[in-house]
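In what follows, a structure is listed as structure tokens, so that the remarks can point back to it.
The values are calculated or read from the model by the stated rules, or taken from the named source; none is laboratory data. Source: prediction; values computed, not measured. Here the Cβ positions follow ideal geometry from the backbone for every residue, glycine too, while neighbour counts run over all protein chains shown.
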Amino acid sequence: MKRTLLLLTFSLCGIASSLAQWQFGFGAVGLGPVDRFDSSVYKPGSGMFFNLTTKSFLPQNQPFELRFGAYFDRLNAGKETFDVALADPINEEGEVAFKNYNVGQHFITRFGYKANDRVTFFTDAIVGHRKFVSQTVTGVKGSSEEYEDDVQKVHTHRTFRYGVGAGMRIGLKPAFGFEIRADYTRGNQATYFDMNSIEETATSFEYESETWPHTDLFVLGVALNWKLFKVEQDHSSIERTAPNNYYSPSPTYRRPPSRTNSTPRREKKKVTPTKDIRKKEEKKEEEKINW
């Protein structure tokens, strides 16, 4: 799926470089769980996003626009970090982090209205999916050339999304501006860490998870925005720079082979913490005593 999305992104960028008035945006976003999802323990967060929209399919002499595009983001939604002793390497300080994050891939249909030469208001119809991930990362504090982090994905859920968005684009220059946007999308069930329940015991780090039937999100973003123009070739400059018929042969020589000392890549080791990471055992209800 990741390869397909990358190929789609690169192909859209290649097409955009040859068409006029495509738009590309890149910026920061903040998220908040809403509606029934707001009652859960999923925390608000922030992240980055970018979008790419086609040129308008309506005539340019009218103030309305109709564009199609794609919208991608990555949003962090809670992190708890603890110091932990390491059995390997024993002489380094270690840490373990519990993380919730999600990644969204959406397709949008954008309806715009150009209020003037600089300001355009728009609304988006959104459909796509979002992957919710909960993982633990255990590693050496700072960085290590010999040891790599041990990443364990505990929960991974893909949710179908649909929703609406609205915003405005403000042009600062003919090909550059910024946009402010907000969207609300509805999604189905996901499971994730309860960041408020993580506890450290003498032998382990224990966590609890929560499953919620709806994952509705409100996302607010601010982005820089560029218009992509078609590059037209100047034929007059080609005529002026046409080569003459004079040919000056250059002396030929053989380059000596270069010697490079290639060293094999050394694989990093995984760290070994002194404490386990495990889910809390469910508490059994106390048996009632019948007198």
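Among the residues making up the stretch 107-117, those that are part of a strand (DSSP E or B) and farther than 15 Å from Trp22 by Cα are Phe107, Tyr113, Lys114. Tallying residues that are at pLDDT 95 or above and among the aliphatic types (A, V, I, L, M) within the stretch 120-142 yields 4.
Residues in the stretch 58-67: is at least one closer than 30 Å to Thr203 by Cβ, crowded, with 19+ Cβ neighbours inside 10 Å and touching a strand residue (DSSP E or B) at 6+ places or on another chain (Cβ under 9 Å)?
Here is the first cut: in the stretch 58-67, the ones closer than 30 Å to Thr203 by Cβ are none.
Within the stretch 58-67, not a single residue is closer than 30 Å to Thr203 by Cβ, crowded, with 19+ Cβ neighbours inside 10 Å and touching a strand residue (DSSP E or B) at 6+ places or on another chain (Cβ under 9 Å).
The residues on offer are Gly104, Gly128, and the sole one that is assigned to a strand (DSSP E or B), in contact with an Asp or Glu (Cβ under 7 Å, 6 or more places away or on another chain) and under 16 Å from Ala190 (Cβ atoms) is Gly104.
Considering the stretch 129-149 alone, what residues qualify as being farther than 17 Å from Tyr101 by Cα and not β-branched (Val, Ile, Thr)?
In the first step, residues of the stretch 129-149 are kept if they are farther than 17 Å from Tyr101 by Cα; the result is 139-149.
Result: Gly139, Lys141, Gly142, Ser143, Ser144, Glu145, Glu146, Tyr147, Glu148, Asp149.
Any residue at all in the stretch 277-285 that's of a type in the set (A, V, I, L, M), outside any loop (DSSP other than H, G, I, E, B) and at pLDDT below 60? Walk me through it before giving the result.
Looking only at the stretch 277-285, we keep the residues that are of a type in the set (A, V, I, L, M), and these are 277.
Cutting the leftovers down to outside any loop (DSSP other than H, G, I, E, B) gives us 277.
Applying the additional criterion that residues be at pLDDT below 60 yields none.
Looking through the stretch 277-285, none of the residues is of a type in the set (A, V, I, L, M), outside any loop (DSSP other than H, G, I, E, B) and at pLDDT below 60.
Screening Leu86 with (1) modelled with pLDDT under 95; (2) out of contact with any Pro (no Cβ under 7 Å at 6 or more places or on another chain); (3) part of a strand (DSSP E or B); (4) farther than 22 Å from Thr211 by Cα gives one miss only, at (2).
Scanning the stretch 26-63 for residues that are of a type outside the set (Ser, Thr, Tyr) and assigned to a helix (DSSP H, G or I) yields Asp35, Arg36, Phe37, Asp38.
Surrounded by fewer than 19 Cβ atoms within 10 Å (Cβ to Cβ), of a type in the set (S, T, N, Q) and not in a strand (DSSP E or B): is that true of Asn76 in this structure? Let's see the steps before the verdict.
Values: surrounded by fewer than 19 Cβ atoms within 10 Å (Cβ to Cβ): yes; of a type in the set (S, T, N, Q): yes; not in a strand (DSSP E or B): no.
Criteria not met by Asn76.
For the stretch 107-115, indicate whether the set of residues that are of a type in the set (D, E, K, R) and surrounded by 19 or more Cβ atoms within 10 Å (Cβ to Cβ) is non-empty. Yes: the stretch 107-115 contains one or more residues that are of a type in the set (D, E, K, R) and surrounded by 19 or more Cβ atoms within 10 Å (Cβ to Cβ). Residues in the stretch 115-163 that are among the aliphatic types (A, V, I, L, M) and closer than 30 Å to Ile180 by Cβ were compared, and the one that is farthest from the chain's Cα centre (by Cα) is Ala115. When Asp83 is tested against the conditions (1) more than 30 Å from Gln21 (Cα to Cα); (2) crowded, with 16+ Cβ neighbours inside 10 Å; (3) of a type in the set (D, E, K, R), the lone failure is (2).
Can you tell me which residue is farthest from Tyr42 (Cα to Cα) among those in the stretch 127-163 that are hydrophobic (A, V, I, L, M, F, W, C) and surrounded by 14 or more Cβ atoms within 10 Å (Cβ to Cβ)?
Applying the first criterion (hydrophobic (A, V, I, L, M, F, W, C)) to the stretch 127-163 yields 127, 132-133, 137, 140, 151, 154, 160.
Then drop every residue that is not surrounded by 14 or more Cβ atoms within 10 Å (Cβ to Cβ), which leaves 132-133, 137, 140, 154.
Numbers: Phe132: 11, Val133: 12, Val137: 19, Val140: 28, Val154: 16 Å.
So the residue we want is Val140.
Out of all the residues in the stretch 86-105, which are small (Gly, Ala, Ser), more than 21 Å from Ile198 (Cβ to Cβ) and surrounded by 15 or more Cβ atoms within 10 Å (Cβ to Cβ)?
Residues of the stretch 86-105 small (Gly, Ala, Ser): 87, 94, 97, 104.
With the extra rule that they be more than 21 Å from Ile198 (Cβ to Cβ), the set shrinks to 87, 104.
Result: Gly104, single match.
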